[in-house]
Amino acid sequence: QVQLVESGGGVVQPGGSLRLSCSASGITFGINAMGWLRQAPGKERELVAGITASGITNYAESVKGRFTVSRDNAKNTVYLQMNSLKPEDTAVYYCNADQPVYGMIYWGKGTLVTVSS
């Protein structure tokens, strides 16, 4: 089992920045991709950014150039640096990780990001 714990959410004004962190604990052997998804009120959950264990990244078009995903494999932690935040970025942000060796996908409980003046 793997536990994912997110931190770093909060309230920020438009144009501001936040950094989210997600730490994995438990049996972390074989974790491959880690990433961030978000769900705004009344909307479906959507991919924000992901990163493989080798560092290959992908981003939603809506966040390219503003958000940066990174990870520290030694700490089993993935980060999401969010700059130039917009009100439409307001959502609950969830971390997830896949562990192909065990055929498992894990989710964190989410952290709320609110962008408002």
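The values are calculated or read from the model by the stated rules, or taken from the named source; none is laboratory data. Because the structure is a prediction, the values reported are computed rather than measured. Positions of Cβ are backbone-derived with ideal geometry, glycine not excepted, and every protein chain shown enters the neighbour counts. Accessible surface areas use protein heavy atoms only, side chains included; no ligands, DNA or RNA. Shrake-Rupley method; radii C 1.70, N 1.55, O 1.52, S 1.80 Å.
Check the range 53-66 and report whether any residue there is closer than 16 Å to Gly8 by Cα, open to solvent by 20 Å² or more (accessible area, probe 1.4 Å) and out of contact with any Gly (no Cβ under 6 Å at 6 or more places or on another chain).
So the first thing to find is which residues in the range 53-66 are closer than 16 Å to Gly8 by Cα, and the list is none.
No, because not a single residue in the range 53-66 is closer than 16 Å to Gly8 by Cα, open to solvent by 20 Å² or more (accessible area, probe 1.4 Å) and out of contact with any Gly (no Cβ under 6 Å at 6 or more places or on another chain).
Give just the number: which of (1) touching a strand residue (DSSP E or B) at 6+ places or on another chain (Cβ under 9 Å); (2) closer than 12 Å to Ile51 by Cα does Asn73 not satisfy?
For Asn73, the failing item is (1).
When the range 1-39 is examined, which residues are found to be over 16 Å from Gly108 (Cα atoms), aliphatic (A, V, I, L, M) and open to solvent by less than 70 Å² (accessible area, probe 1.4 Å)?
Hits for the range 1-39 are Val12, Leu18.
Select from the range 42-57 the residues that are in contact with a Ser or Thr (Cβ under 9 Å, 6 or more places away or on another chain) and without any contact (Cβ under 8 Å) to a residue 24 or more places away in the chain and list them in ascending order. Quick ask: steps written out before the conclusion?
Of all residues in the range 42-57, those in contact with a Ser or Thr (Cβ under 9 Å, 6 or more places away or on another chain) come to 46, 48-51, 55, 57.
Selection gives Glu46, Gly50, Gly55, Thr57.
Determine whether the range 70-86 contains at least one residue that is among the aromatic types (Phe, Trp, Tyr), out of contact with any Lys or Arg (no Cβ under 8 Å at 6 or more places or on another chain), within 19 Å of Thr111 (Cβ to Cβ) and modelled with pLDDT of 95 or more. Break it down stepwise before answering.
Within the range 70-86, the subset among the aromatic types (Phe, Trp, Tyr) is 79.
Cutting the leftovers down to out of contact with any Lys or Arg (no Cβ under 8 Å at 6 or more places or on another chain) gives us none.
So far as the range 70-86 goes, no, none of its residues is among the aromatic types (Phe, Trp, Tyr), out of contact with any Lys or Arg (no Cβ under 8 Å at 6 or more places or on another chain), within 19 Å of Thr111 (Cβ to Cβ) and modelled with pLDDT of 95 or more.
Would you check which residues across the range 76-91 are touching a residue at least 60 places away in the same chain (Cβ under 8 Å) and open to solvent by 10 Å² or more (accessible area, probe 1.4 Å) and list them?
The initial filter retains those residues of the range 76-91 that are touching a residue at least 60 places away in the same chain (Cβ under 8 Å), namely 79-87.
Hits for the range 76-91 are Tyr79, Gln81, Asn83, Ser84, Lys86, Pro87.
Out of the residues in the range 98-117 that are among the aliphatic types (A, V, I, L, M) and either farther than 20 Å from Ile31 by Cβ or touching a Gly at 6+ places or on another chain (Cβ under 8 Å) (or both), which is surrounded by the most Cβ atoms within 10 Å (Cβ to Cβ)?
Ranking the candidates gives Val113 first.
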